[in-house]
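Below is one structure, written out as C-alpha coordinates; comments come after it.
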Amino acid sequence: PSTNEEPVLFDTAEIPWWAWVRRFHLPEAEKLNGRAAMMGYVLALFIDKLTGASLLDQQNSFLGLLALHITVFGILLIRSSSDLDKYKNLLDEATFYDRQWSASWDGVTRPSEKQ
(Lines give C-alpha, C1' and ligand atoms only; values in the text may rest on other atoms or scores of the structure.)
Protein backbone atom coordinates (compact mmCIF):
# COMPACT_ATOMS: atom_id res chain seq x y z
CA PRO A 1 0.00 0.00 0.00
CA SER A 2 1.12 3.55 -0.63
CA THR A 3 1.04 6.34 1.86
CA ASN A 4 1.45 10.08 1.66
CA GLU A 5 4.29 9.96 4.14
CA GLU A 6 7.01 9.22 1.60
CA PRO A 7 7.68 11.51 -1.38
CA VAL A 8 6.66 10.14 -4.75
CA LEU A 9 9.53 9.87 -7.20
CA PHE A 10 8.52 10.25 -10.83
CA ASP A 11 10.98 8.76 -13.28
CA THR A 12 10.52 9.94 -16.85
CA ALA A 13 12.57 6.99 -18.11
CA GLU A 14 9.68 4.70 -17.18
CA ILE A 15 7.37 6.36 -19.70
CA PRO A 16 8.14 5.62 -23.37
CA TRP A 17 9.23 8.55 -25.53
CA TRP A 18 6.30 8.17 -27.93
CA ALA A 19 3.84 8.75 -25.09
CA TRP A 20 5.51 12.09 -24.30
CA VAL A 21 5.51 13.13 -27.95
CA ARG A 22 1.91 12.16 -28.54
CA ARG A 23 0.65 13.68 -25.30
CA PHE A 24 2.50 16.99 -25.17
CA HIS A 25 4.11 17.92 -28.46
CA LEU A 26 1.87 16.78 -31.29
CA PRO A 27 -1.40 18.50 -30.29
CA GLU A 28 0.37 21.84 -29.81
CA ALA A 29 2.37 21.42 -33.02
CA GLU A 30 -0.76 20.57 -35.00
CA LYS A 31 -2.54 23.65 -33.68
CA LEU A 32 0.39 25.96 -34.46
CA ASN A 33 0.97 24.46 -37.92
CA GLY A 34 -2.71 24.81 -38.75
CA ARG A 35 -2.76 28.44 -37.69
CA ALA A 36 0.42 29.21 -39.62
CA ALA A 37 -0.93 27.51 -42.75
CA MET A 38 -4.24 29.36 -42.62
CA MET A 39 -2.61 32.73 -41.98
CA GLY A 40 -0.10 32.09 -44.77
CA TYR A 41 -2.85 31.14 -47.20
CA VAL A 42 -5.00 34.15 -46.37
CA LEU A 43 -2.08 36.59 -46.54
CA ALA A 44 -0.79 35.09 -49.82
CA LEU A 45 -4.27 35.32 -51.34
CA PHE A 46 -4.62 38.92 -50.15
CA ILE A 47 -1.23 39.93 -51.58
CA ASP A 48 -1.99 38.10 -54.84
CA LYS A 49 -5.26 40.00 -55.26
CA LEU A 50 -3.69 43.30 -54.19
CA THR A 51 -0.49 43.23 -56.25
CA GLY A 52 -0.95 40.44 -58.80
CA ALA A 53 2.21 38.68 -57.54
CA SER A 54 1.82 34.91 -57.63
CA LEU A 55 2.72 32.65 -54.75
CA LEU A 56 6.12 31.80 -56.26
CA ASP A 57 6.86 35.48 -56.85
CA GLN A 58 6.00 36.17 -53.23
CA GLN A 59 8.28 33.41 -51.96
CA ASN A 60 11.22 34.60 -54.05
CA SER A 61 10.98 38.26 -53.04
CA PHE A 62 12.53 39.84 -49.98
CA LEU A 63 9.21 41.25 -48.75
CA GLY A 64 7.53 37.87 -49.21
CA LEU A 65 10.18 36.13 -47.13
CA LEU A 66 9.99 38.86 -44.52
CA ALA A 67 6.20 38.53 -44.30
CA LEU A 68 6.54 34.75 -44.03
CA HIS A 69 8.99 35.02 -41.15
CA ILE A 70 6.95 37.65 -39.34
CA THR A 71 3.84 35.46 -39.62
CA VAL A 72 5.55 32.30 -38.37
CA PHE A 73 7.32 34.01 -35.48
CA GLY A 74 4.16 35.92 -34.58
CA ILE A 75 2.19 32.70 -34.37
CA LEU A 76 4.90 31.08 -32.26
CA LEU A 77 5.01 34.02 -29.86
CA ILE A 78 1.26 34.60 -29.63
CA ARG A 79 -0.30 31.18 -29.26
CA SER A 80 -3.49 32.40 -27.62
CA SER A 81 -5.12 35.67 -26.65
CA SER A 82 -3.93 35.21 -23.06
CA ASP A 83 -0.35 35.58 -24.35
CA LEU A 84 -1.11 39.20 -25.23
CA ASP A 85 -1.93 39.86 -21.57
CA LYS A 86 1.32 38.18 -20.54
CA TYR A 87 3.33 40.38 -22.89
CA LYS A 88 1.47 43.47 -21.69
CA ASN A 89 2.26 42.58 -18.07
CA LEU A 90 5.89 41.92 -18.99
CA LEU A 91 6.12 45.34 -20.65
CA ASP A 92 4.52 47.00 -17.62
CA GLU A 93 6.99 45.25 -15.34
CA ALA A 94 9.96 46.19 -17.52
CA THR A 95 9.01 49.89 -17.52
CA PHE A 96 7.79 50.09 -13.91
CA TYR A 97 10.95 51.60 -12.44
CA ASP A 98 11.28 54.12 -15.28
CA ARG A 99 7.73 55.31 -14.65
CA GLN A 100 8.37 55.38 -10.90
CA TRP A 101 11.56 57.42 -11.41
CA SER A 102 9.78 59.88 -13.69
CA ALA A 103 6.90 60.22 -11.24
CA SER A 104 9.32 61.07 -8.42
CA TRP A 105 10.28 64.24 -10.33
CA ASP A 106 6.72 65.52 -10.83
CA GLY A 107 6.51 69.08 -9.53
CA VAL A 108 10.24 69.21 -8.77
CA THR A 109 12.82 71.11 -10.79
CA ARG A 110 15.52 68.73 -11.87
CA PRO A 111 19.09 69.87 -11.36
CA SER A 112 21.08 70.49 -14.53
CA GLU A 113 23.94 68.22 -15.44
CA LYS A 114 26.44 71.04 -14.86
CA GLN A 115 25.56 71.43 -11.20
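Tabulated results
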{"read-out": "Any pair with Cβ under 9 angstrom, 6 or more apart, that starts in the stretch 69-94 at a residue that is closer than 18 Å to residue 28 by Cβ and ends at one that is among the charged types (D, E, K, R) and modelled with pLDDT under 90", "value": "75/35; 77/83; 79/28; 79/31; 79/35"}
{"read-out": "Top-ranked residue in the stretch 57-80 [being among the hydroxyl-bearing types (Ser, Thr, Tyr) and at pLDDT 80 or above; ranked as surrounded by the most Cβ atoms within 10 Å (Cβ to Cβ)]", "value": "71"}
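The values are calculated or read from the model by the stated rules, or taken from the named source; none is laboratory data. Remember, predicted model here, so these are calculated numbers, not experimental data. No Cβ is skipped: glycine too gets one built from the backbone with ideal geometry, and neighbour counts run over all protein chains shown.
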